[in-house]
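A.B. asks: Following this message is one structure expressed as structure tokens.
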Amino acid sequence: MKETKLWINGEWMDTKNSYELTSPYSGESIAKVAKASVTDVENAIEGAHKAFLAFKKTTAYERAEILYKVVDIMRSRKNEFAEILAKEAGKPISAALTEIDRTIATYQFSAEAAKQSMGETVPMDAAPGVKDRIGYTKRVPVGVVSAITPFNFPFNLVAHKLGPAFAVGNTVVLKPATQTPLSALVMAEIFKEAGLPDGALQIVTGSGGELSDTLITHPYVKKVTFTGSGAVGLKIKEKIGLRKVTLELGSNAAVIVEPSTPIEKIVSRCVGGAFGFAGQVCISLQRVYVHESIYDEFSKAFIEETKKLKVGDPLDPLTDVSAMIHPKEVNRIKQWIEEAKEQGAQVATGAEFSERWMTPTVMTNVTPNMKVVCLETFAPIVSLVPYKTLDEAIELVNASDLGLNAGIYTNVLTDALKAADELEAGAIVINDIPTFRVDNMPYGGMKNSGYGREGIKYAIQEMTDLKFITIKTTI
């Protein structure tokens with residue numbers, strides 16, 4: 001069995017304790033994973049701070065070259081990485097390969113962004129009585145970044161934190177999800193080979209509950225970037241003090257389907273958005289609001305398309321939906337479905353369970369206060385809801401404490417623009433599902449879906465300080 005260590009100051013470090021990593025799909029042991037102590041995390045942060053003092057002086061060209069080399073290495077080992085991801089996360093191999101492609105793009109965007117970080121000149125003589133002065137701004141790295149990442153995109157969401165941080169000269173202490181450490185640890189080898197200085201990337205594995213306080217409150221940590229649950233995000237926000245912080249906390253993404261929409265052209269896309277990676281995606285399509293004039297037609301087509309999905313082994317190229325990340329999550333969503341049924345909801349298809357997976361499930365006759373509607377399900381379940389007017393649909397979408405992405409299908413421009421103005425979400429996707437994301441777009445939520453933005457250019461803003469310099473040209 002594979003045994004892992006911590007990656008600190010460019011070397012693999014043993015730990016006293018470890019934990020067993022098991023496959024979400026089969027329950028088989030995958031690895032014995034090093035469990036860091038608080039002292040290990042403190043050593044990692046102090047090493048990252050020491051490395052920062054040198055790394056911040058590297059040129060944009062040097063940092064870009066490191067990231068370009070990471071891109072090259074990842075391209076040459078793409079299939080190997082996808083298999084690691086499929087085994088430890090239970091993500092179907094086809095989706096895993098897609099994630100590796102996106103990860104490569106994220107590092108490439110970061111390499112390009114390393115050369116594009118710039119400030120602006122300030123017209124000092126525009127102020128009354130001021131002359132003979134030059135003023136300009138520049139972005140400067142903040143220092144040590146603590147990055148805490150989730151299980152659902154263990155390569156690409158790590159890349160969204162490492163890429164922009166290294167592009168501008170920060171160093172990073174990375175704490176990957178307990179269930180998906182292997183995808184993160186392999187990046188240590190890649191960055192070492194690419195020429196990243198020792199200490200610039202530290203990777204500590206273990207319990208988030210035991211290590212997070214040190215990761216977010218150590219005096220050397222200047223920025224925290226976290227993707228995960230709202231409950232944990234709120235605790236981080238309460239403890240973080242004046243440090244910079246970015247929180248990406250998920251959602252219950254919705255799409256509106258207007259009557260002008262050609263149903264046959266969108267059903268397959270909507271089904272994919274609802275059930276990809278068993279719905280364990282922050283912008284997974286969870287609520288579909290369909291105009292009453294096309295509701296029956298849409299529902300029938302959606303349910304039939306859902307029934308075609310194959311549930312199975314993540315390493316089978318034909319598998320569409322595999323295991324959920326942990327049996328307790330299966331039990332949780334099973335209880336939510338039973339509770340909704342008791343309140344009047346109906347299961348149109350799905351809701352068959354094993355210990356580790358559930359079949360893609362379509363719910364109808366739901367109400368806004370049911371957990372399967374108003375909370376983030378993070379499971380392969382979607383609700384179909386009819387509506388009478390666009391105003392009503394927008395109101396239903398907005399009747400949520402969450403607001404990451406939202407979408408609308410319509411061929412009427414004025415309705416699309418009305419939705420763009422009135423939907424309460426960080427991104428409005430017109431004529432596509434809210435699950436759409438490319439890795440250079442701004443990404444982050446309104447309301448309880450998050451704080452700050454990712455997307456390389458926008459993450460760099462969050463990971464740098466603005467410094468102003470003025471020069472008096474005469475003495």
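A.B. asks: Binning every alpha carbon pair distance of the stretch 270-328 at 5 Å from zero, what are the percents per bin?
C.D. replies: In order of increasing distance, the bins hold 4, 17, 22, 23, 17, 10, 5, 2, 0 percent.
A.B. asks: Note down the net charge around ASP125, summing +1 for each Lys or Arg and -1 for each Asp or Glu among other residues with Cβ under 9 Å from its Cβ.
C.D. replies: Counting the neighbours of ASP125, the net charge comes to +1.
A.B. asks: Give me the orientation-averaged projected area of the Cα convex hull of the stretch 1-58, in nm², one decimal.
C.D. replies: 5.3 nm²
A.B. asks: Sticking with this one: Using only Cα atoms, locate the centre of the stretch 11-38 and the centre of the stretch 432-475, then give the distance between them in Å, rounded to an integer.
C.D. replies: Taking the Cα centre of the stretch 432-475 as reference, the centre of the stretch 11-38 is 34 Å away.
A.B. asks: Here's a follow-up. Across 5 Å bins from the origin, how do the percents of Cα pairs in the stretch 360-448 run, short distances first?
C.D. replies: So the P(r) values, bin by bin, are 3, 12, 22, 27, 21, 12, 3, 0.
A.B. asks: Evaluate 2.2 N^0.38 Å with N set to the residue count of the stretch 19-93, then give the Cα radius of gyration divided by it.
C.D. replies: It is 1.56.
A.B. asks: Separate question: For the charge dipole of the stretch 28-95, defined by +1 on Lys and Arg C-beta atoms and -1 on Asp and Glu C-beta atoms about the Cα centroid, which residue among ALA64, PHE81, GLY47 has the Cα displaced farthest towards the positive pole?
C.D. replies: Farthest towards the positive end: ALA64.
A.B. asks: With all protein chains present, how much of the accessible area of the chain (probe radius 1.4 Å) comes from carbon and sulfur, to the nearest whole percent?
C.D. replies: On the chain, the fraction of accessible area on carbon and sulfur atoms equals 51 percent.
A.B. asks: In the stretch 79-152, how does Rg compare with the Kirkwood Rh, expressed as the Rg/Rh ratio over alpha carbon atoms?
C.D. replies: 1.32
A.B. asks: Further question: Along each of its three principal axes, how wide is the spread of alpha-carbon positions in the stretch 229-341, in whole angstrom units, largest first?
C.D. replies: Largest to smallest, the principal-axis extents are 52, 36, 31 Å.
A.B. asks: Per residue and in cubic angstrom, what volume does the convex hull of the Cα atoms of the stretch 56-102 have?
C.D. replies: 81 Å³
A.B. asks: Distance from the Cα centre of the stretch 65-144 to that of the stretch 150-202, in angstrom?
C.D. replies: Between the Cα centres of the stretch 65-144 and the stretch 150-202 lies a distance of 12 Å.
A.B. asks: Which percent of Cα-Cα pairs in the chain sits in each 20 Å bin, short to long?
C.D. replies: 24, 53, 21, 2, 0
A.B. asks: Rounded to the nearest 20 Debye, what is the dipole magnitude of the chain about its Cα centre when Lys and Arg each give +1 and Asp and Glu each give -1 at the C-beta?
C.D. replies: 1540 debye
A.B. asks: Now for a separate question. For ILE428, ILE100, write out the residues from largest to smallest accessible area, computed with a 1.4 angstrom probe and no ligands counted.
C.D. replies: I get ILE428, ILE100, largest accessible area first.
A.B. asks: Nearest 500 deg cm²/dmol is fine: what mean residue ellipticity at 222 nm does the chain get from its DSSP H runs of n ≥ 4 alone, each adding -39,500 (n - 2.57), divided by its residue count?
C.D. replies: -12000 deg cm²/dmol
A.B. asks: Which angle from 0 to 90°, rounded to the nearest 10, does the C-alpha axis of helix 60-76 make with the longest principal axis of the chain?
C.D. replies: Taking the Cα atoms of the chain, the angle to 60-76 is about 40 degrees.
A.B. asks: Taking θ as phi - 60°, what are the ³J(HN,Hα) couplings along the stretch 167-178 by the Karplus curve (6.51, -1.76, 1.60), each to the nearest whole Hz, with x for Gly and Pro?
C.D. replies: After applying 6.51 cos²θ - 1.76 cosθ + 1.60, I find 4, 10, x, 7, 10, 9, 9, 9, 10, x, 4, 4 Hz.
A.B. asks: Between LYS131 and ALA54, what FRET efficiency follows from the Cβ-Cβ distance if R0 is 35 Å, with the result rounded to 0.05?
C.D. replies: 0.30
A.B. asks: Please list log₁₀ I(q)/I(0) at q = 0.12, 0.14, 0.25 Å⁻¹ for the stretch 309-393, using the Debye equation with identical point scatterers on the alpha-carbon positions.
C.D. replies: -0.39, -0.51, -1.23
A.B. asks: By the scheme Lys and Arg +1, Asp and Glu -1, what is the net charge of all other residues having a beta-carbon under 14 Å from that of ASN17?
C.D. replies: -1
A.B. asks: Relative to the present Cα-Cα distance, how much length would full extension add between THR39 and GLU292 at 0.36 nm per residue of separation?
C.D. replies: Going from the current span to full extension adds 85.1 nm.
A.B. asks: Counting Lys +1, Arg +1, Asp -1, Glu -1, what net charge surrounds GLU376 among other residues with beta carbon under 14 Å of its beta carbon?
C.D. replies: +1
A.B. asks: What number does the stretch 1-130 give for Rg over Rh if you use C-alpha atoms and the Kirkwood radius?
C.D. replies: For the stretch 1-130, the value is 1.14.
A.B. asks: I'd like to know how the stretch 324-475 sits against the 2.2 N^0.38 Å rule of thumb: what's its Cα Rg over that expected value?
C.D. replies: Against the empirical 2.2 N^0.38 Å value, I get 1.39 for the stretch 324-475.
A.B. asks: Output the direction-averaged projected area (hull surface divided by four) of the convex hull of the alpha-carbon atoms of the stretch 63-201, in nm².
C.D. replies: 9.9 nm²
A.B. asks: On to the next question. Could you rank the peptides 468-474, 29-35, 101-107 by their average count of other C-beta atoms within 10 Å per residue, with the highest value first?
C.D. replies: Per-residue mean Cβ counts within 10 Å order the peptides as 101-107, 29-35, 468-474.
A.B. asks: Could I ask something else about it? By accessible area of protein heavy atoms, probe 1.4 Å, what ranking do LYS87, LYS50 get, highest first?
C.D. replies: LYS50, LYS87
A.B. asks: Next question. Roll a 1.4 Å probe over the protein chains and send me the accessible area per residue for the stretch 121-241 in Å².
C.D. replies: Result: 33 Å² of accessible area for each residue.
A.B. asks: How large is Rg/Rh for the stretch 237-282, to two decimals, with Cα atoms and a Kirkwood Rh?
C.D. replies: Rg/Rh: 1.24.
The values are calculated or read from the model by the stated rules, or taken from the named source; none is laboratory data. Only a predicted model underlies this, so the values are computations on that prediction, with no experimental measurement involved. Counting neighbours? That spans all protein chains shown, and the Cβs are built from the backbone with ideal geometry, glycine included. We work out accessible area using only protein heavy atoms, side chains counted, and drop any ligands, DNA or RNA first. Shrake-Rupley method; radii C 1.70, N 1.55, O 1.52, S 1.80 Å.
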